1. Specify the residue that is farthest from residue 137 (Cα to Cα); the eligible residues are those in the range 41-66 that are of a type in the set (Gly, Ala, Ser) and buried (at least 18 other Cβ atoms within 10 Å of the Cβ).
2. Got a sec? Which of 43, 34 is touching a Phe, Trp or Tyr at 6+ places or on another chain (Cβ under 8 Å) and either touching a residue at least 40 places away in the same chain (Cβ under 8 Å) or not polar (S, T, N, Q) (or both)?
3. Among the residues of the range 139-171 satisfying the criterion of being charged (D, E, K, R) and surrounded by fewer than 24 Cβ atoms within 10 Å (Cβ to Cβ), which is modelled with the highest pLDDT?
4. Having 3 or more residues that are modelled with pLDDT of 90 or more and either assigned by TED's automatic domain parsing to the domain that holds residue 163 or of a type outside the set (S, T, N, Q) (or both) is the bar; report the helices (runs of 4 or more DSSP H) wholly within the range 305-390 that clear it.
5. How do the helices (runs of 4 or more DSSP H) wholly within the range 395-483 filter down when requiring 2 or more residues that are within 30 Å of residue 67 (Cβ to Cβ) and in the same structural domain as residue 276 (by TED's automatic domain parsing): which remain?
6. From the list 87, 83, 95, which one is under 30 Å from residue 61 (Cβ atoms) and either in contact with a helix residue (DSSP H, G or I) (Cβ under 8 Å, 6 or more places away or on another chain) or modelled with pLDDT under 95 (or both)?
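The values are calculated or read from the model by the stated rules, or taken from the named source; none is laboratory data. Since the structure is predicted, the reported quantities are computational estimates derived from the model, not experimental observations. Positions of Cβ are generated from backbone atoms using ideal geometry, with glycine treated the same way; all protein chains shown enter the neighbour counts.
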Amino acid sequence: MAAEESRPLLGYPASDSYPRVQNKKLYLATFAAVLGPLSFGFVLGYSSPVIPELRKLNDPKLRLDSSQASWFGSVVTLGAAAGGILGGYLVDKVGRKLSLMLCSVPYVFGYLVIISAQNIWMLYFGRMLSGLASGITSLVVPVYISEVSHPKVRGMLGSCVQLMVVTGILGAYVAGIALRWHWLAVLGSLPPCMMLLLMSFMPETPRFLLSRNERSKAVAALCFLRGPQADHEWECQQIEAGVQEEELKLSEFKNPSIYRPLLIGVALMFFQQVTGINAIMFYAETIFEDANFKDSRLASVVVGSIQVCFTAVAAFIIDKTGRKVLLYLSGIIMALSTALFGLYFKVVLPNQNNNSSNPDVWFTLNSASPGTENSMSWLAVVSLGLFVAGFALGWGPIPWLVISEIFPLKARGISSAACVLTNWIMAFLVTKEFQDLLAFLTSYGTFWLFSAFCCLNVTFTAFYVPETKGQTLEQIETYFRRS
């Protein structure tokens with residue numbers, strides 16, 4: 001796609017057609033849906049306070065060594081990758097609403113398996129099940145929210161997906177200070193139960209209903225979501241004009257209106273992960289401890305709070321600034337902060353090349369001379385804070401929002417599945433291969449590589465990501481068809 005195609009999409013000013021919309025029930029439907037990402041975030045955050053406890057258990061059948069602890073944390077990503085594939089099938093076959101209700105089952109069952117675990121393999125299986133549910137959630141919830149929202153608030157509500165993910169992570173960190181691993185699992189099972197209950201009272205998306213020729217139900221859903229004063233018939237006609245009833249054929253992926261948004265979505269998921277977010281977050285506690293933050297759990301709460309605050313800022317301003325401005329700002333902040341990380345490692349350990357055979361970050365941080373460590377530790381903390389804030393402001397929430405907006409209706413399930421699969425596979429690879437990168441490139445070289453990828457993110461945004469602010473999903477689909 002040429003650079004000029006990244007300008008705001010063409011079409012009538014759809015947001016002007018919603019003057020009498022009432023958003024209360026739309027917000028209620030969104031709240032019910034984002035209990036899924038809250039559960040998903042709790043799954044991601046669960047391992048951080050639990051692993052230290054499991055490594056100290058007296059029961060040898062459940063006590064984790066360092067390798068087993070690593071798998072306990074990362075096996076979730078493999079389950080989520082499978083969940084992305086399953087979610088792509090469910091979202092088109094049984095609908096958005098029922099898919100969300102169904103994914104509450106592996107959430108709860110996964111925690112029950114962990115609570116009743118008799119050996120390490122049961123712990124892994126419980127994490128795999130909760131990861132499977134997380135993968136389904138990460139695909140279905142953005143699609144549901146984008147299809148029930150109108151253009152005036154779609155950016156804000158779509159950004160609430162990532163906001164609830166980081167809120168769930170923070171909730172697990174905070175609750176982990178007071179609760180043991182059994183009770184923390186019980187707490188984690190509550191949000192999916194609430195989602196199952198609330199979603200049973202929410203409507204299916206009008207676009208899915210119209211794709212199934214259920215027009216009366218679609219109008220009823222619009223009446224629920226927009227209030228009695230809105231022009232439901234007008235919006236229903238606008239959606240119908242873009243609904244294609246025929247099944248997607250493999251040959252249609254040669255069509256630019258399908259493969260271009262798919263390539264953009266996959267690239268967004270790839271670039272989100274190669275910023276190094278998961279690797280950096282994995283070693284956040286080590287960096288804080290080096291800077292004399294002795295309570296590593298409190299350090300995790302600090303990082304989680306930064307994520308929540310800046311993701312909330314992004315949600316509130318995204319419908320005014322647009323998607324691309326925040327992606328630019330986020331990419332630049334992350335590029336600078338990871339460059340500072342590299343500088344920190346270069347200055348703290350100037351002779352690190354001689355120690356590259358030991359790529360452990362803890363070793364690297366604590367091999368510096370005491371004077372250098374104390375004088376430069378602030379640089380690591382500032383860099384970490386900047387990176388987390390920058391990621392939360394743009395490249396955290398916006399890729400998930402954009403992939404929920406740019407795909408044509410009949411390709412939304414399979415295209416979203418490809419993006420979610422890409423995201424989780426890259427998350428697993430970057431986290432697992434981080435130690436090998438440190439050995440091959442040294443610590444500062446690895447962080448400068450992340451900085452280079454952040455610069456590529458900005459370039460990719462400038463040339464290929466369309467601005468979708470204020471556009472209906474049908475206008476966005478028309479844009480790719482005409483481009």
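1. Start the filter on the range 41-66 by keeping residues that are of a type in the set (Gly, Ala, Ser), which leaves 41, 45, 47-48, 66.
Next, only the ones that are buried (at least 18 other Cβ atoms within 10 Å of the Cβ) stay: 41, 45, 47-48.
Working: 41: 11, 45: 16, 47: 19, 48: 21 Å.
Taking the candidates together, the pick is 48.
2. Working: 34 fails: touching a Phe, Trp or Tyr at 6+ places or on another chain (Cβ under 8 Å).
Of 43, 34, the one residue that is touching a Phe, Trp or Tyr at 6+ places or on another chain (Cβ under 8 Å) and either touching a residue at least 40 places away in the same chain (Cβ under 8 Å) or not polar (S, T, N, Q) (or both) is 43.
3. 147
4. Working: elements: 323-348, 361-366, 370-390.
So the answer is 323-348, 370-390.
5. Numbers: elements: 398-403, 412-464, 473-482.
Qualifying helices (runs of 4 or more DSSP H): 412-464.
6. On the way: 87 fails: under 30 Å from residue 61 (Cβ atoms); 95 fails: under 30 Å from residue 61 (Cβ atoms).
Every option except 83 fails the conditions.
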